[in-house]
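The structure appears right after this line, and notes come after that.
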Amino acid sequence: MRVVSWNIHWGCGKDGRIRIHAIIDVLRRLNPDVVCLQEVAANHPELDGSASANQFKQLGGAFGGYHMMEHAPSELYKNNSPRLFGNLILSKYRISQVHRHLLPWPADPGHPAGMPRGMLETVIDAPSGKLRLMTTQLEYYSPLQRMAQVRRIRELHAEACARARIFQPDPNLDAPYQLGFRPASAILCGDFKLVPDDEHYRALLAPFEENAPAFLDAWRVAHGSVARAPTTGLHGYPWPERPECYDHFFVTEDLAPRVATVEVQSETAASDHQPVLLELR
């Protein structure tokens, strides 16, 4: 099972032009079973390069054999026209549940700007069984907001694990109640703005008191103490000050034996982030 996570920067590459076809070409070369994208835009002509097209539809159309689920926590309207910005999941495997979570956005006097953030959660019928796959992009400027978002992700994971322990299907219930099994086994990926081993990173990976499986850093599972490949700051982009690793895959403890590799694809300059590939045995 091959999963790609990528902040595509609305397809705006190093030259400041939007080329969604370049994003699509890279993804096709990686041949993923599941694609998790962040910073997908629709009808945002004010963004660099003018992201006026609906990129959710463009990407979904390019991968017609995949199931597509989207979540735009930033949803604005101008002249009754929606301007969307958020996350997208494409899956070769059947998706049986979708949960769209808005993450906390507490007021921070030190950082009054910002945008709503969300986490898109799906239950995927993978060849080895059901698992939850979640993708997100956390706040960059406000540490206060980023920590609140980390804590909420942990709450949602603990809630799902608690429900998994007591799940009992009941065919007598009306259809909206029959969402089915929401497993504890999970993959969490995206652009976390977490430098490895900082306080937000440690908080995300801390053990749970609720008997939920903890998250493990898939890079550490696959590579041990080997230095990380950076996911931002390459190809002449002016931020961050030096190459950093902000994009991660985390897996629950039970999935750790199945982690075959985690790789950062550093060649492409189609975004200001690099795609990251997780392969499970």
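The values are calculated or read from the model by the stated rules, or taken from the named source; none is laboratory data. Worth saying up front: this structure is predicted, and the values here are computed from it rather than measured. Don't worry about glycine lacking a Cβ; one is built from the backbone with ideal geometry, like all the others, and counts go over all protein chains shown. What goes into the accessible areas is simple: the full protein's heavy atoms, side chains included, and nothing from ligands, DNA or RNA. Shrake-Rupley method; radii C 1.70, N 1.55, O 1.52, S 1.80 Å.
Structure summary
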| read-out | value |
| --- | --- |
| Extreme residue, farthest from the chain's Cα centre (by Cα), among residues of region 138-153 that are in a helix (DSSP H, G or I) and not hydrophobic (A, V, I, L, M, F, W, C) | Pro143 |
| Qualifying residue in region 172-192 (condition: open to solvent by less than 100 Å² (accessible area, probe 1.4 Å), touching a Gly at 6+ places or on another chain (Cβ under 9 Å) and at pLDDT 95 or above) | yes |
| Verdict on Ser74 being under 27 Å from Tyr140 (Cβ atoms), open to solvent by less than 50 Å² (accessible area, probe 1.4 Å) and not in a loop (DSSP other than H, G, I, E, B) | yes |
| Count of region 1-25 residues which are over 21 Å from Met119 (Cβ atoms), touching a residue at least 60 places away in the same chain (Cβ under 8 Å) and surrounded by 18 or more Cβ atoms within 10 Å (Cβ to Cβ) | 4 |
| Residue within region 230-242 that is modelled with pLDDT of 95 or more, open to solvent by 30 Å² or more (accessible area, probe 1.4 Å), in contact with a Cys (Cβ under 9 Å, 6 or more places away or on another chain) and not basic (Lys, Arg) present | yes |
| Odd one out for Lys57, checked against (1) out of contact with any Gly (no Cβ under 6 Å at 6 or more places or on another chain); (2) open to solvent by less than 60 Å² (accessible area, probe 1.4 Å); (3) not in a loop (DSSP other than H, G, I, E, B) | (2) |
| Exclusive hit being under 26 Å from Pro275 (Cβ atoms) and not in a helix (DSSP H, G or I), set Leu173, Leu204, Leu156, Leu188 | Leu188 |
| Filtered residue count, region 214-228, keeping only those that are part of a loop (DSSP other than H, G, I, E, B) and open to solvent by 30 Å² or more (accessible area, probe 1.4 Å) | 5 |
| Pairs where the first residue, in region 56-73, is within 16 Å of Thr122 (Cα to Cα) and the second is among the polar types (S, T, N, Q), C-beta under 6 Å, 6+ apart | Tyr66/Ser91; His67/Ser91; Met69/Thr122; His71/Asn87 |
| Index of the failed condition, Pro171 passing every other in (1) of a type outside the set (D, E, K, R); (2) free of Cβ contacts under 8 Å to residues at least 24 places away in the same chain; (3) within 18 Å of Val26 (Cβ to Cβ) | (3) |
| Wholly enclosed strands (runs of 3 or more DSSP E) of region 240-281 bearing at least 3 residues over 21 Å from Val40 (Cα atoms) and of a type outside the set (Phe, Trp, Tyr) | 259-264 |
| Members of region 102-137 that are in a loop (DSSP other than H, G, I, E, B) and acidic (Asp, Glu) | Asp108 |
| Qualifying residue in region 26-41 (condition: assigned to a helix (DSSP H, G or I), open to solvent by 40 Å² or more (accessible area, probe 1.4 Å) and not aliphatic (A, V, I, L, M)) | yes |
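For (1) open to solvent by less than 20 Å² (accessible area, probe 1.4 Å); (2) within 22 Å of His67 (Cα to Cα), each residue gets a yes or a no:
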site	(1), (2)
Ser91	yes, yes
Leu103	yes, no
Pro112	no, no
Leu120	yes, yes
Leu133	yes, yes
Thr136	yes, yes
Glu139	yes, no
Gln145	yes, no
Gln149	yes, no
